[in-house]
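The structure under discussion appears below in the form of structure tokens.
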Amino acid sequence: MKKMIDNIRKYLPAVLLLVLLLFCIRYREDLSVEKILRYTPKEPVKAALLMLVFYAVKSVSFVFPIAVLQLAVGHLFSTGTALLVNFLGRAVTLALPYWMGRFSGSSMVENLTSKYPKLKTVVDYQNGNPLYISFFMRTLNFLPGDAVSLFLGAVKIPFEVYMLGGMLGTFPGVILATIFGANIKNPGSPAFWLSAVLLVMISVFSILIHRHISRKKK
């Protein structure tokens with residue numbers, strides 16, 4: 001009985017991940033800002049709940065870009081409400097894959113480091129500080145966020161530390177994407193261009209960090 005439970009814990013996250021991945025591939029053409037806005041209820045509470053459901057789907061899908069959700073939310077709601085929904089959604093995308101990785105254990109670590117060898121490189125580079133690792137890995141765009149969450153859960157970084165570091169690391173990107181989404185139909189506004197430029201700068205910073213870590217490894 002215990003062996004069966006262990007097998008369920010080991011393989012269930014992978015099965016759920018596969019199902020949701022196939023779902024996202026099947027309906028990838030519908031995963032655009034325009035399509036999401038079209039199918040979103042008019043009532044704010046229902047719309048917010050639907051967005052959180054989308055975030056839950058995104059949290060276990062490597063092919064569903066989170067920027068699409070952040071922009072859609074920024075466009076749908078007032079800036080304050082949009083920030084709240086996007087931060088709640090970000091918390092969902094951090095928590096769900098973390099626990100999937102945690103229940104999967106060492107097998108997940110082996111699978112992820114085999115597929116994304118830079119995961120272990122980055123963790124080793126940070127000398128094992130769990131808060132800094134959780135924060136730093138959210139500032140990097142060259143690693144899939146879902147893979148990072150699965151990995152950090154599998155290596156059993158404390159959940160509270162992981163969430164604190166993860167939320168702090170995603171803070172700038174969430175704010176900028178929300179503002180960008182709020183002004184997406186007003187491309188001449190200063191807010192649109194400022195948020196766009198800063199988002200590009202974050203990406204450039206991530207590329208530079210990637211190169212620095214790669215040189216250190218050599």
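Please label the shape of region 127-194 as rounded, prolate or oblate, based on the square roots a ≥ b ≥ c of the eigenvalues of the alpha-carbon gyration tensor (a/c under 1.5 means rounded; beyond that, a/b larger than b/c means prolate, else oblate).
Details: a/c = 3.30, a/b = 2.85, b/c = 1.16.
It is prolate, given that a/c is not under 1.5 and a/b is the larger ratio.
Mind ranking 44-51, 68-75, 164-171 by how tightly packed they are, going by the mean number of other C-beta atoms within 10 angstrom, highest first?
Values: 44-51: 15.6, 68-75: 25.0, 164-171: 19.2.
Result, highest mean Cβ count within 10 Å first: 68-75, 164-171, 44-51.
Every number in this text was worked out from the coordinates using simple rules, so none of it is lab data. Quick caveat, the model's predicted, so the values are computed rather than measured. For neighbour counting, all protein chains shown are included, and Cβ atoms are generated from backbone atoms with ideal geometry for every residue, glycine included.
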